Amino acid sequence: MTARGVDRRYIGTALGLSALAAAITLASTAPVLAHAADRGHVLILPTGYYLFGGAAAVALSFLVLALVPPGCLDRLFSFRRSLAVAPTWPRLAASTASFLCFVVLVAAGYLGSRDPLSNPLPLTFWTLFWIGLTLLQGVFGNIWWWINPLYAPWRLLSAVLGRNRAPELPRGLGYWPAVALFLGFAWFELVYPAPDDPARLASVLAVYFAANLSAALIFGYEAWTRQGECLSAFLGMIAKLAVVEGCEPRRKRRALRFCLPGAKLSSAEPLPSSGVVFLLLALSSVSFDGLMRTFFWLGLNDVNPLEFPGRSAVVGIGSYGLVAMFAALAAAFFAAVALGDRLSGKSAGIAAAAGALVWSIIPISMAYHFSHYLTALLVNGQYALAALSDPLMNGADLFGTAGLHVQAGIVMGARSAWAIWNLQAAAIIAGHLLAVVVAHAIAYRLYGSAARATRSQIPLAILMVVYTIFGLWLLSSPTAA
């Protein structure tokens, strides 16, 4: 889809609903609290061998792929094996339960403890949902399709309002609503002074939910959650990396099949320009989350990292840094695609090539997500288990975990540090290796021959080597906040 011919009234409606979800974050100030997803410790290791080894592995994989017989990757990625045929009726029940949990968590945000490590809302949203569910999506497939809390209320309201035919998004609207929403989400998570304040987070999530439920009623649930609601759009894209493929429901049944990691990415439909922007924004935001805490970034902006003034004092540099990181990544990606398209000798068009090749970003995004948030998941996941048993801090013990003693030492000590850093480094290198493989398979389909595909991938392979080095450097850099 393109942006030509789009009715501006529809675009204004969609973007207005998207912006409404983030607007409440600008309404007032709040106390500065620690972000529940911050890195648990600073790790400084001699990383020269890791940087060289990671870069060499990615570069070598590209050279090896140049020798792979034509069509070999296509045959490999086309492998499927049936797992099960699941009925779709549990989707409504699961969504209803998910919605009720959402309501309880929002209530706990208002009524429970103001401590983000005791209140279940920030721990559930930032740790179990944003970190944990994203990782599960990337391994096991689209779990979010079954449990999205928007689905059950949408079904109910659609029945009440008599909407028998699902409306569609205006032609050309693309993923721009999701882009607007995700930019607001990333700003709230990374730049806003108190993203973990339970009451503030409860207000933001309530407005976000109401705005997107309204948009789903206007534009249709499936279309809006695929291209408008940013979290569902992101999770749906991440699920294309997984080893479980869920086919479209037929006669109220959904076939589940096993496939190789990245197989769905290699055959995915090319994204419009707005979808390319959305994926690049998602990757750049996680990268900036790592960069913004480094001594390098703070020193670059005249902030003493040893006397960090708090998030309130760096809202300005955080805002422009978030945008600058996205702009730099987008410029590098489009430049690599354009140069590769020219080198191929048979142009597929920059827009078409970018829309197809951007799917190779997914393994990198997943790797960064795992590496950056690993320590937060290990530590804050324990806090979440304790908080969920006693959501209002009134002495309840719903799941028998209220008295759980959090083992923060799981990420401390020489052995833990060595294990965690190597897991993080391995994930980043593996993510980039898979990205190279997926990109090569896509390039072969775009350009029709192994030679043209190889030539077209040289600039993108160089970009992936550089990004591998950058990711490993971020892991080893000292941080101040």
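The values are calculated or read from the model by the stated rules, or taken from the named source; none is laboratory data. Not measured: the values here are computed from a predicted model. Don't worry about glycine lacking a Cβ; one is built from the backbone with ideal geometry, like all the others, and counts go over all protein chains shown.
Residue 388: surrounded by fewer than 23 Cβ atoms within 10 Å (Cβ to Cβ), in contact (Cβ under 8 Å) with a residue 12 or more places away in the chain, assigned to a helix (DSSP H, G or I) and not aromatic (Phe, Trp, Tyr), yes or no?
Answer is yes for this residue.
If we keep just the residues of segment 125-147 that are aliphatic (A, V, I, L, M) and part of a helix (DSSP H, G or I), which is surrounded by the most Cβ atoms within 10 Å (Cβ to Cβ)?
Result: 131.
When you scan segment 181-227, how many residues do you find that are among the basic types (Lys, Arg) and surrounded by 18 or more Cβ atoms within 10 Å (Cβ to Cβ)? It would help to see each step written out before you state the result.
The first filter runs over segment 181-227 and keeps only residues among the basic types (Lys, Arg), leaving 200, 226.
Cutting the leftovers down to surrounded by 18 or more Cβ atoms within 10 Å (Cβ to Cβ) gives us 200.
Of the residues in segment 181-227, 1 are among the basic types (Lys, Arg) and surrounded by 18 or more Cβ atoms within 10 Å (Cβ to Cβ).
Being polar (S, T, N, Q) and over 30 Å from residue 202 (Cβ atoms) narrows it down to one residue among 344, 389, 319; which is it?
None of the other options fit; the residue is 344.
Inspect segment 371-388 for any residue being at pLDDT 85 or above and either within 16 Å of residue 279 (Cα to Cα) or among the basic types (Lys, Arg) (or both) and give the result as yes or no.
So far as segment 371-388 goes, no, none of its residues is at pLDDT 85 or above and either within 16 Å of residue 279 (Cα to Cα) or among the basic types (Lys, Arg) (or both).
Do any residues in segment 419-440 that are closer than 22 Å to residue 457 by Cα have Cβ atoms under 8 Å from those of residues that are small (Gly, Ala, Ser) and not in a helix (DSSP H, G or I), where the two are at least six apart or on different chains, and which pairs are they?
Correct list of pairs: 434/262; 437/262; 438/262.
Here are the criteria: (1) surrounded by fewer than 17 Cβ atoms within 10 Å (Cβ to Cβ); (2) closer than 22 Å to residue 234 by Cα; (3) not hydroxyl-bearing (Ser, Thr, Tyr). Tell me which single one residue 100 does not satisfy.
Result: residue 100 fails condition (2) only.
I need a count of the residues in segment 81-96 that are surrounded by 14 or more Cβ atoms within 10 Å (Cβ to Cβ) and either of a type in the set (D, E, K, R) or within 26 Å of residue 381 (Cα to Cα) (or both).
4
Could you tell me whether any residue of segment 336-343 is of a type outside the set (S, T, N, Q), within 25 Å of the chain's Cα centre (by Cα) and either surrounded by 15 or more Cβ atoms within 10 Å (Cβ to Cβ) or not in a helix (DSSP H, G or I) (or both)? It would help to see each step written out before you state the result.
The first filter runs over segment 336-343 and keeps only residues of a type outside the set (S, T, N, Q), leaving 336-343.
From what's left, within 25 Å of the chain's Cα centre (by Cα): 336-337.
Restricting the remaining residues to those that are either surrounded by 15 or more Cβ atoms within 10 Å (Cβ to Cβ) or not in a helix (DSSP H, G or I) (or both) gives 336-337.
The answer is yes, given that some residue of segment 336-343 is of a type outside the set (S, T, N, Q), within 25 Å of the chain's Cα centre (by Cα) and either surrounded by 15 or more Cβ atoms within 10 Å (Cβ to Cβ) or not in a helix (DSSP H, G or I) (or both).
Being among the small types (Gly, Ala, Ser), within 16 Å of residue 123 (Cα to Cα) and surrounded by fewer than 21 Cβ atoms within 10 Å (Cβ to Cβ) narrows it down to one residue among 400, 395, 381; which is it?
Values: 400 fails: within 16 Å of residue 123 (Cα to Cα); 395 fails: within 16 Å of residue 123 (Cα to Cα).
From the options 400, 395, 381, the qualifying one is 381.
Restricting to segment 438-481, and then to whatever is surrounded by fewer than 24 Cβ atoms within 10 Å (Cβ to Cβ) and of a type in the set (Val, Ile, Thr), can you tell me which residue is nearest to residue 293 (Cα to Cα)?
Per the stated criteria, the residue is 479.
In this structure, is residue 321 touching a residue at least 60 places away in the same chain (Cβ under 8 Å), under 30 Å from residue 412 (Cβ atoms) and surrounded by fewer than 21 Cβ atoms within 10 Å (Cβ to Cβ)?
It is false that residue 321 is touching a residue at least 60 places away in the same chain (Cβ under 8 Å), under 30 Å from residue 412 (Cβ atoms) and surrounded by fewer than 21 Cβ atoms within 10 Å (Cβ to Cβ).
List the pairs whose first member sits in segment 251-267 and is within 14 Å of residue 76 (Cβ to Cβ), whose second member is modelled with pLDDT of 90 or more and charged (D, E, K, R), and whose Cβ atoms are under 7 Å apart, counting only residues at least 6 apart or on separate chains?
These pairs meet every condition: 264/240; 265/240.
Mind listing whichever residues of segment 170-200 are of a type in the set (A, V, I, L, M), under 19 Å from the mean Cα position of the chain (by Cα) and assigned to a helix (DSSP H, G or I)?
First pass over segment 170-200, keeping only residues of a type in the set (A, V, I, L, M): 173, 178-181, 183, 186, 190-191, 194, 199.
Next, only the ones that are under 19 Å from the mean Cα position of the chain (by Cα) stay: 178-181, 183, 186, 190-191.
Matches in segment 170-200: 178, 179, 180, 181, 183, 186, 190.
When you scan segment 424-470, how many residues do you find that are out of contact with any His (no Cβ under 8 Å at 6 or more places or on another chain), closer than 18 Å to residue 262 by Cβ and among the small types (Gly, Ala, Ser)?
9
Can you list the helices (runs of 4 or more DSSP H) found entirely within segment 45-116 that contain at least 2 residues being within 25 Å of residue 261 (Cβ to Cβ) and modelled with pLDDT under 75? Give the steps one after another, and end with the answer.
On the way: elements: 48-65, 72-77, 90-111.
Helices (runs of 4 or more DSSP H) meeting the threshold: 48-65.
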